[in-house]
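Structure, as structure tokens:
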Amino acid sequence: MTPLRNIARGTTTVVDGPFQRHGDNPILTAADIPYPANSVFNAAAALVDGETLLLLRVEDHRGLSHLTVARSADGRGDWRVDPAPTLPADPVGHPEELWGIEDPRITWMEDLKAYLVAYTAFSEAGPLVSLATTRDFVTLTRLGPVTMPENKDAALFPVRFGGRYAMLNRPSPSTPAGAHVWISFSPDLLHWGDHQILLPCRQGGWWDANKIGLSPPPLLTDEGWLLMYHGVRHTIAGGIYRLGLALLDRDNPSKVLRRADEWVFGPEEPYERYGDVGNVVFPCGWVLDGDELRMYYGAADSSMALATAQLPEVLEWLELHSPPAPGEED
């Protein structure tokens, strides 16, 4: 393992974050979409047939979103974008998609030999979670909504636990209790229960106080399930979306092993700070290629960007920045 670089500042040792921005960011903008579009952001990601596939959220000139596929041999450039929307909203057949579909997350389900796409359908009553299946990202079959409004930021685990599927999601109750990351279970992908708070938002002045949500789908590592989540810091100038890390038990995903106190990645560059919604970094997808972890994120709700890290360094950073688990105290 390559150790993280330490910088001494007075009496404090600061550890650099493991993620490095791609030198040609942003990697996709509205100008790369082969039909009229206002913006492209918040894409799901997967390795498919030896290529990196992004399922882009594309906003049209009405302000409504749909999903479009882009492919790249190296996951960095020369993106080939579908000539028309891959999955447009279907408000006639699926009224829960009246105001568009957003923020997909992709999971390969080995037992089904298919990809599951969890996405936000924006209904007349608010956003909710819908699922679709595909084997080729040419034809996608909707399973329909699996939560009631308001709920979003959902992704599935790629394996079952005790015969049940597991899904992370984020209900948004209109109460002072805040918005937390929840976990739910299902025998058939359609009926979900055993709902419980998995990762609560913090209170007070924390960077992830009051409102958090899942970012990419959970990633299985030798140490457990790696989670990246976003936290929203509300300021007088508006919200700031930053990213944090946590680790779940491999066999019991309801058990949180670690959670870093600090954010690991936040908006710094102009393309992240200025756009349709400024001060936002928002990944819905990442891929692991060897030890290289490529994180694809929406920047300021306007473009797609890429940051990379070595997985061992990400896990090391998480351990260094997490409070000791019970029994680990010196």
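The values are calculated or read from the model by the stated rules, or taken from the named source; none is laboratory data. From a predicted model like this one, the values you see are computed outputs, not experimental measurements. In this analysis, Cβ positions are derived from the backbone assuming ideal geometry, glycine residues included, and neighbour counts consider all displayed protein chains.
Odds and ends about this structure:
Conditions (1) out of contact with any Phe, Trp or Tyr (no Cβ under 8 Å at 6 or more places or on another chain); (2) surrounded by 15 or more Cβ atoms within 10 Å (Cβ to Cβ); (3) closer than 22 Å to Glu262 by Cα; (4) modelled with pLDDT under 95, marked per residue:
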site: Arg9; (1), (2), (3), (4): yes, no, yes, yes
site: His22; (1), (2), (3), (4): yes, yes, no, no
site: Ile27; (1), (2), (3), (4): no, yes, no, no
site: Tyr35; (1), (2), (3), (4): yes, no, no, no
site: Thr52; (1), (2), (3), (4): yes, yes, no, no
site: Leu55; (1), (2), (3), (4): no, yes, no, no
site: Arg62; (1), (2), (3), (4): yes, no, no, no
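- Filtered residue count, the stretch 191-210, keeping only those that are more than 29 Å from Thr133 (Cα to Cα) and either in a strand (DSSP E or B) or at pLDDT below 95 (or both): 6
- Against the numbered list (1) of a type outside the set (Ser, Thr, Tyr); (2) farther than 29 Å from Trp225 by Cα; (3) exposed (fewer than 15 other Cβ atoms within 10 Å of the Cβ); (4) under 21 Å from the mean Cα position of the chain (by Cα), Val92 comes up short only at (4).
- Qualifying residues in the stretch 283-297 (those that are in contact with a helix residue (DSSP H, G or I) (Cβ under 9 Å, 6 or more places away or on another chain), of a type outside the set (Ser, Thr, Tyr) and surrounded by 13 or more Cβ atoms within 10 Å (Cβ to Cβ)) - the one nearest to Leu245 (Cα to Cα): Leu293
- Of all residue pairs spaced 6 or more apart or on separate chains, those with beta-carbon atoms under 8 Å, a first member in the stretch 25-52 that is within 13 Å of Tyr271 (Cα to Cα) and a second member that is of a type in the set (D, E, K, R) and assigned to a helix (DSSP H, G or I) are Val40/Asp32.
- Residue within the stretch 44-63 that is touching a Cys at 6+ places or on another chain (Cβ under 6 Å) and hydrophobic (A, V, I, L, M, F, W, C) present: yes
- Yes/no for Thr120 being crowded, with 23+ Cβ neighbours inside 10 Å and part of a strand (DSSP E or B): yes
- Counted residues, the stretch 136-190 - those being among the acidic types (Asp, Glu) and part of a strand (DSSP E or B): 1
- One residue stands out among those in the stretch 157-176 that are within 20 Å of Ser130 (Cβ to Cβ) and hydroxyl-bearing (Ser, Thr, Tyr): the one that is farthest from the chain's Cα centre (by Cα), which is Tyr165.
- Condition check for Val81: β-branched (Val, Ile, Thr) and either under 27 Å from Val159 (Cα atoms) or out of contact with any helix residue (DSSP H, G or I) (no Cβ under 7 Å at 6 or more places or on another chain) (or both): no
- In the stretch 225-236 there is at least one residue matching the filter, namely being over 23 Å from Arg294 (Cα atoms), part of a loop (DSSP other than H, G, I, E, B) and without any contact (Cβ under 8 Å) to a residue 12 or more places away in the chain.
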